[in-house]
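Input: a single structure, listed below in structure tokens.
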Amino acid sequence: MEQYNRVEIQGLVGSVRVTTFPDSTLANISVATNYFYNMKESQASVETTWFTVLARVGKAIDNPEAISKGNGVKVFGRMRTRTYTDSEGIERLSYDVIANKVEKIEE
């Protein structure tokens with residue numbers, strides 16, 4: 001039986017943070033997606049979901065400096081779950097997208 005952990009999202013960039021390590025450079029990109037739906041009596045509603053995207057520079061993304069807040073992007077990758085403790089001592093759960101490819105959407 002084949003098993004998949006594959007994610008594709010398309011949304012707007014909130015922020016980009018690039019961190020350089022001794023052996024690689026990592027881009028941390030926040031991406032928002034919107035889901036539009038109608039409530040009863042034709043009330044339009046929107047649900048925004050924020051994703052943390054981690055992309056290796058030179059592998060998943062060529063030029064992170066070309067991506068800025070408000071740009072449209074497509075991200076292809078896999079989901080990763082991690083737990084962390086916030087500043088108030090509460091254990092939290094985070095879902096990250098480990099990117100295989102990040103493409104800027106030209107408008």
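Here are the numbers for the structure shown:
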| item | result |
| --- | --- |
| Share of carbon and sulfur in the accessible heavy-atom surface of the chain [1.4 Å probe, %] | 46 percent |
| Accessible area expressed per residue, the chain, with surrounding protein chains retained (probe 1.4 Å, Å²) | 74 Å² |
| Cα pair count fraction exceeding 21 Å, expressed as % - the chain | 45 percent |
| Prolate/oblate/rounded call for segment 48-107, Cα gyration tensor, a/c under 1.5 rounded | prolate |
| For segment 89-95, Karplus couplings with θ = phi - 60° (6.51, -1.76, 1.60), whole Hz, Gly/Pro x | x, 8, 6, 10, 10, 10, 10 |
| Formal net charge of residues neighbouring ASP62 (Cβ-Cβ distance under 11 Å; K, R +1; D, E -1) | +2 |
| Gaussian network model of the chain, Cα within-10 Å springs - most flexible of GLY72, GLY58, GLY14 | GLY58 |
| Sparse-neighbour loop sites [chymotrypsin sites (Phe, Trp or Tyr not before Pro); segment 1-103; at most 10 other C-beta within 10 Å; DSSP] | TYR4 |
| Pairs of lysines in the chain (C-alpha under 14 Å apart; 8 or more residues apart or interchain) | 4 |
| Neighbour cut-off at most 14 other Cβ (10 Å), DSSP loop, trypsin sites (Lys or Arg not before Pro), segment 22-101 | LYS59, LYS69 |
| In segment 53-100, the GluC sites (Glu not before Pro) that fall in loop regions by DSSP, at most 16 other Cβ within 10 Å | GLU88 |
| Nonlocal amide H pairs with THR25, under 5 Å, H built at 1.01 Å | VAL57 |
| Around THR85: net Lys/Arg minus Asp/Glu count, Cβ-Cβ under 11 Å | -2 |
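The values are calculated or read from the model by the stated rules, or taken from the named source; none is laboratory data. Since we're looking at a predicted model, the values are computed, not measured. Because the Cβ atoms are built from the backbone with ideal geometry, glycine has one as well, and the counts that use them run over all protein chains shown. Surface areas here come from the heavy atoms of the whole protein model, side chains and all, with no ligands, DNA or RNA. Shrake-Rupley method; radii C 1.70, N 1.55, O 1.52, S 1.80 Å.
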